[in-house]
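Asks: My questions all concern the structure below.
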Amino acid sequence: MTTTIMRTTARVTVPVVLVVAISLFLQGHNLPGGGFIGGVLTAAAFVLIYVAYDLDYLESGVLGREVEHGTSVFEQRTVTAYRRILLAGLVVVLASGFGGMLIGDPFLTQGYVHLEGVPIYREVELASALLFDLGVYLVVVGSVLTIVSVVSAE
Amino acid sequence: MAPDLTLVTTAVALPFVAAAVSPLLYRVLGERTGYAGAVVATASFGLLATGVDDYGTVGVSWVPALDVGIQFTVDGWGLLFALLASGIGALVFVYSTSYMHGEEGLARYYAALLAFMGSILGVALASDLVFLFLFWELTSLCSFVLIGHHTEDAESRYSARMAMVVTVGGGLCLLAALLMLAAAARGALGGVTFDLTAMIANSGAMRAALRESGLFLPALGLIVVAAAAKSAQVPLHFWLPNAMVAPTPVSAFLHSATMVKVGVYLLGRVRPLLMSPEWVLIVATLGLVTMTVGALLAVASTDTKELLAYSTASHLGLMVAGFGFDIGYGAEAGAFHLLNHALFKAPLFLVAGIVVHEAGTRNLNNLGGLWRELPVTAAVTVVAALSMAGIPPFNGFYSKELLFEAAYEVAHEAGGLAWLYPAVATLASVLTVVYSLTFLALFFGERRAPAADVHRPPVTLIGPPAVLAVAAVVVSVAPQLAVDAIVQGAVDATATGEAQLAVGLPTHLSPPVAMSGVAVVGGVAAYPLRGRLATGVRRGVDAPVPVRPSGWYDWVVSTTTATSARFGSAVHNGLLRRYVGWTAAAGSLLALAGFAATGAPAPGALGGTGVTLAVAVVLGVATLAGVAVAAAASHVSGVLTLSILGFMLAIFFILASAPDLALTQLVIETLILLMFLLVLQRLPSFYSEIRPLSIARDASVSLLVGATAFVAVLLTIPDPDADPTSVATYYTEQAVPGGGGTNVVNVILVDFRAFDTLGELLVVTVAAIAILVLVTMRTRGEASEAASDGESIPDGGDSP
């Protein structure tokens with residue numbers, strides 16, 4: 001699959017896909033989208049890189065690091081990073097749940113505020129649900145990429 | 001004034017806290033952890049004995065939606081049981097320090113013993129049925145751990161499992177019964193509640209409601225089965241002698257003084273609620289049969305602990321029979337004997353432990369004349385054994401006399417077959433005297449074994465039974481003292497009417513006194529014949545007719561094991577597709593059965609109207625793609641056609657104005673396609689030859705799943721013209737003001753039903769971890785399998 005056509009296509013599409021994914025995630029509260037969809041799309045972008053290049057490309061080609069060969073897939077830095085993303089997502093979700101309890105609301109209560117007079121956007125709505133959604137996003141990205149990288153490394 | 005909730009909660013929670021920290025304590029204190037346990041038990045005892053100055057009910061809400069509460073009721077009955085458990089608990093902890101000296105796994109032993117004591121206190125004081133059930137099952141669990149203390153011993157594991165199966169099985173009956181009671185409370189008390197105190201306060205209305213719904217007999221039967229399993233009543237008595245593989249302190253504490261009394265306790269507790277002619281017939285008969293069978297088997301025993309175990313079953317039968325009689329004397333007999341039995345049976349077990357500790361055998365035929373070496377132990381045994389035999393003026397006599405009075409009165413009133421009650425009770429008492437004398441013969445008569453190595457027990461071994469024997473003597477000399485202190489309160493809580501307990505030695509000859517006389521004289525006269533009696537009983541037990549309930553138990557367990565082993569290899573053969581087939585087929589069949597059972601309404605007419613051309617085309621292409629997937633000759637074409645199906649569905653969602661679903665479907669479909677591309681190189685490019693049979697099987701499973709999905713959709717979709725449900729309306733209206741977002745789907749996911757989403761995230765995480773583990777274990781498992789190839793597979797101790 002690592003043909004030139006594939007690689008060129010991936011080069012062009014991956015950034016677009018990532019931007020779309022993030023915008024889907026951010027607009028999710030008011031328009032179609034949300035943490036789950038954004039997360040899956042982000043994961044799809046990474047899988048596209050895997051298909052076009054290979055598993056080590058992220059480390060060697062993008063980050064410019066040496067890849068330690070000979071270690072098992074679980075000890076690779078990318079896989080560890082994915083696992084950490086998964087954990088971070090769970091922590092964010094739980095923290096956003098317990099956050100409400102600090103001010104006396106039940107677990108997982110969400111709230112929102114409208115900010116007026118912000119430059120460029122003029123009006124911005126800040127919802128605590130976005131934080132929860134961020135957790136969803138991270139869990140989805142982390143788990144899908146962990147699964148994909150471990151299974152495909154086999 | 002109601003009792004203090006904090007105080008009661010502390011008394012119950014203290015042992016659990018101590019159990020949780022006991023591994024740490026053990027690291028610090030070593031074998032002296034037992035003393036710490038004794039301190040905890042004494043603390044609970046002290047809190048309950050001194051701090052509770054009034055009876056009443058206290059509690060806080062736990063699950064308000066179901067009216068389940070953390071609720072304690074302190075009354076004489078509960079308090080008597082709780083004080084017995086904590087008091088004997090303290091002595092058993094002291095005893096354990098010596099008896100368990102040098103044993104393995106003491107941290108676990110003390111933790112389980114402490115947790116057990118807390119559970120018993122919970123059973124005694126909890127008055128919410130759900131809460132009570134929780135503690136009830138915890139006692140079974142702790143008993144399992146303690147019986148199986150010698151984990152490497154197959155017999156120990158077998159017995160622990162047997163006790164677990166029987167008592168937890170009984171616990172399930174209790175669960176069913178308490179659900180019935182709660183259902184009846186809906187009519188009687190005006191709402192579903194698990195509050196036992198309220199049910200007992202309105203027992204008339206509860207009985208009427210139960211009878212009206214036809215649940216009276218089932219509820220009564222289930223409660224009796226639960227109590228019989230726990231309290232070793234015939235025919236569920238067989239686990240108790242087996243449980244004697246446990247260390248002796250455990251036998252003394254759990255299997256004579258407390259855990260086996262939980263069933264009796266429950267019967268006493270619900271007695272005012274369920275008292276009826278059926279109750280008398282079932283419970284009194286069960287009790288008297290157990291009393292006789294237990295005494296017969298005790299006479300036939302050759303092992304000290306076995307004798308005591310059967311004798312315990314027999315005395316539990318006495319209490320059950322007492323509670324069975326619908327008369328004041330009955331409650332008095334049950335409540336008073338609960339105390340007396342604990343005071344004489346626990347020391348006897350502890351004495352049996354001393355004998356095995358010092359003389360090294362439990363065989364009755366090899367023991368005799370031990371009073372020369374163990375004089376204090378012998379004195380303790382005299383008090384306890386004569387009390388067990390019901391010889392006046394020892395305390396066992398008073399409660400047994402009460403049972404005779406109850407049986408006599410009931411028979412006198414009912415006449416006819418009811419005369420069997422006093423007759424059977426007297427017969428059982430004759431046998432009781434026989435086996436009590438047998439046990440006493442350990443210490444008197446000739447020496448039957450070399451006694452050179454028998455030495456005096458340390459004070460921590462002899463102290464606890466001596467304390468209990470002194471308590472028994474106090475109750476013997478001044479029974480009214482015990483009655484005033486606590487037993488009258490227990491009688492009040494268990495009696496159906498007024499019952500003023502007055503005990504004392506008989507002053508004139510009445511029929512019950514004559515029954516006692518017959519029992520004592522008959523027992524002493526029959527004692528020389530016990531060898532012949534024992535042979536007869538053993539011949540009866542070994543009869544070819546399957547009369548042994550333990551044989552039935554073994555048959556059920558081995559048949560279940562064999563069947564599941566056969567069934568397992570059919571379902572669980574290691575092929576992923578076989579698992580999918582079973583899961584999908586079973587799920588579909590269950591769903592269809594569910595629809596059929598609930599009588600789901602037949603779907604309305606299938607109208608083709610409202611389907612636009614675009615939708616029809618999209619669905620048509622999807623169907624074609626589905627057919628093409630099944631017919632695809634290679635993985636590549638299969639994956640690609642499957643994607644067509646997925647993308648068509650996404651388009652369908654767009655046409656049905658569900659943009660979020662469509663987006664999700666598109667993204668997931670893309671991801672799946674990419675993942676297939678990633679692993680495609682590793683898959684074989686073409687399918688192998690498939691047998692027609694498996695094609696037929698797979699096709700039928702597929703059709704079944706498809707049909708189920710079709711039926712489910714038809715039955716569950718709302719009528720398109722109907723108004724949206726109240727939930728849907730609420731979400732739509734509240735999305736902007738309540739959640740601050742205009743995307744209702746997203747607001748539901750992250751705000752209204754965020755807890756669901758949290759659960760789903762955990763599922764995703766678990767899936768990721770599971771795949772990680774699978775991949776890791778695959779390589780590791782092969783390595784360890786190669787290493788352990790030579791070992792035989794243990795049978796798990798299923799056969800004794």
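Asks: Given the residues B:Val145, B:Val192, B:Val224, which is the only one that is more than 20 Å from B:Val270 (Cα to Cα) and in contact (Cβ under 8 Å) with a residue 12 or more places away in the chain?
Replies: Only one candidate qualifies: B:Val145.
Asks: With respect to B:Gly759, determine if the residue is facing another protein chain (nearest Cβ under 7 Å) and open to solvent by less than 80 Å² (accessible area, probe 1.4 Å).
Replies: No: the conditions fail for B:Gly759.
Asks: Return the only residue of A:Ser128, A:Ser143 being polar (S, T, N, Q), open to solvent by less than 10 Å² (accessible area, probe 1.4 Å) and within 30 Å of A:Phe46 (Cα to Cα).
Replies: Just one listed residue meets the conditions, A:Ser143.
Asks: Please work out which one of (1) more than 29 Å from B:Ala534 (Cα to Cα); (2) open to solvent by less than 10 Å² (accessible area, probe 1.4 Å) is the condition B:Leu254 fails and give its number.
Replies: It is condition (1) that B:Leu254 fails.
Asks: I've got another one for you. Among the residues of region B:731-747 satisfying the criterion of being assigned to a helix (DSSP H, G or I) and of a type in the set (S, T, N, Q), which is farthest from the other protein chains (Cβ to nearest Cβ)?
Replies: Among those that are assigned to a helix (DSSP H, G or I) and of a type in the set (S, T, N, Q), it is B:Thr732.
Asks: Which ones in region A:84-99 are away from chain B (no Cβ under 11 Å), modelled with pLDDT under 85 and open to solvent by less than 60 Å² (accessible area, probe 1.4 Å)?
Replies: A:Gly99, the sole residue that qualifies.
Asks: Only one of B:Ala124, B:Ala90, B:Ala20, B:Ala115 is assigned to a helix (DSSP H, G or I), surrounded by fewer than 16 Cβ atoms within 10 Å (Cβ to Cβ) and in contact (Cβ under 8 Å) with a residue 12 or more places away in the chain. Can you tell me which?
Replies: None of the others qualify; the one that does is B:Ala20.
Asks: Could you look through region A:59-83, keep only residues that are of a type in the set (A, V, I, L, M, F, W, C) and at pLDDT 75 or above, and pick out the one that is surrounded by the fewest Cβ atoms within 10 Å (Cβ to Cβ)?
Replies: Restricting to residues being of a type in the set (A, V, I, L, M, F, W, C) and at pLDDT 75 or above, the top hit is A:Ala81.
Asks: If you don't mind, there's one more thing I want to ask. Only one residue in B:Ala502, B:Ala525 is surrounded by fewer than 17 Cβ atoms within 10 Å (Cβ to Cβ) and either among the acidic types (Asp, Glu) or under 30 Å from B:Leu273 (Cβ atoms) (or both), so which one is that?
Replies: B:Ala502
Asks: Here are the criteria: (1) open to solvent by less than 80 Å² (accessible area, probe 1.4 Å); (2) farther than 19 Å from A:Gly38 by Cβ; (3) of a type in the set (Gly, Ala, Ser). Tell me which single one B:Ser726 does not satisfy.
Replies: (1)
Asks: Here's something else I'd like to know. Quick one: A:Val40 ticks every box in (1) more than 7 Å from chain B (Cβ to nearest Cβ); (2) at pLDDT 90 or above except a single one, so which number is it?
Replies: Answer for A:Val40: the failing condition is (1).
Asks: Additional query: Tell me whether region B:60-72 contains one or more residues that are crowded, with 24+ Cβ neighbours inside 10 Å and in contact with a Leu (Cβ under 7 Å, 6 or more places away or on another chain).
Replies: Within region B:60-72, one or more residues are crowded, with 24+ Cβ neighbours inside 10 Å and in contact with a Leu (Cβ under 7 Å, 6 or more places away or on another chain).
The values are calculated or read from the model by the stated rules, or taken from the named source; none is laboratory data. These numbers come from a predicted model, not from an experiment. Every residue, glycine among them, receives a Cβ derived from its backbone with ideal geometry; neighbour counts consider all protein chains shown. Side chains included, ligands, DNA and RNA excluded: accessible areas come from the protein's heavy atoms. Shrake-Rupley method; radii C 1.70, N 1.55, O 1.52, S 1.80 Å.
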